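Colleague: Right, I'll just put the structure down here and ask away after.
The values are calculated or read from the model by the stated rules, or taken from the named source; none is laboratory data. Because the structure is a prediction, the values reported are computed rather than measured. Neighbour counts are summed over all protein chains in view; Cβ atoms, including those assigned to glycine, are modelled from backbone coordinates with ideal geometry. The area values use the complete protein model at the heavy-atom level, side chains included, leaving out ligands, DNA and RNA. Shrake-Rupley method; radii C 1.70, N 1.55, O 1.52, S 1.80 Å.
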Amino acid sequence: MSAIRRSLASIALVLLVAGGAACDSSTGLSSTFATRGTLEFFAVDAGCWLLIGEGGTRFELLDLPLDFQEPGTDVQATLEFATDTGSRCMAGTLVRVRRIERVEP
């Protein structure tokens, strides 16, 4: 009898995990968003680039184009949450730059 219960428990666990994964992928939440802010260099270890958004929100930029790497530059950017990698500086929410342009302050 205990072998049957173990089998049923294993099947239930597999179904629970598979069902949970299916729910996560169907949330409909977008991983990209637009924001405006000022670029800053955070000098820790090798350093990293941050976008300081309106209201002080800090985003750590993984792939800021070279021609934007100037502290104090005001930009409008479309960013994507980077959930598949780790942070070097741990200075803000980790994001990838999808689109960026300079704007007047």
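Colleague: Mind checking the full-extension length gain between ASP63 and ASP84? Use 0.36 nm per residue of separation minus the Cα-Cα distance, one decimal, nm. Walk me through the intermediate numbers first.
Modeller: Values: separation 21, 0.36 × 21 = 7.56 nm, distance 1.41 nm.
Full-extension gain reported as 6.1 nm.
Colleague: Could you tell me what percent of the accessible area of the range 60-99 is made up of carbon and sulfur, with a 1.4 Å probe and every protein chain present?
Modeller: Values: 1070 of 2250 Å².
After summing per-atom areas, the C and S share lands at 48 percent.
Colleague: Where nothing but the Cβ of Lys and Arg (+1) and of Asp and Glu (-1) is charged, how large is the charge dipole of the range 58-105 around its Cα centre, in debye to the nearest 20? Let's see the in-between values first.
Modeller: On the way: 6 positive and 9 negative charges, 33 e Å.
It comes to approximately 160 debye.
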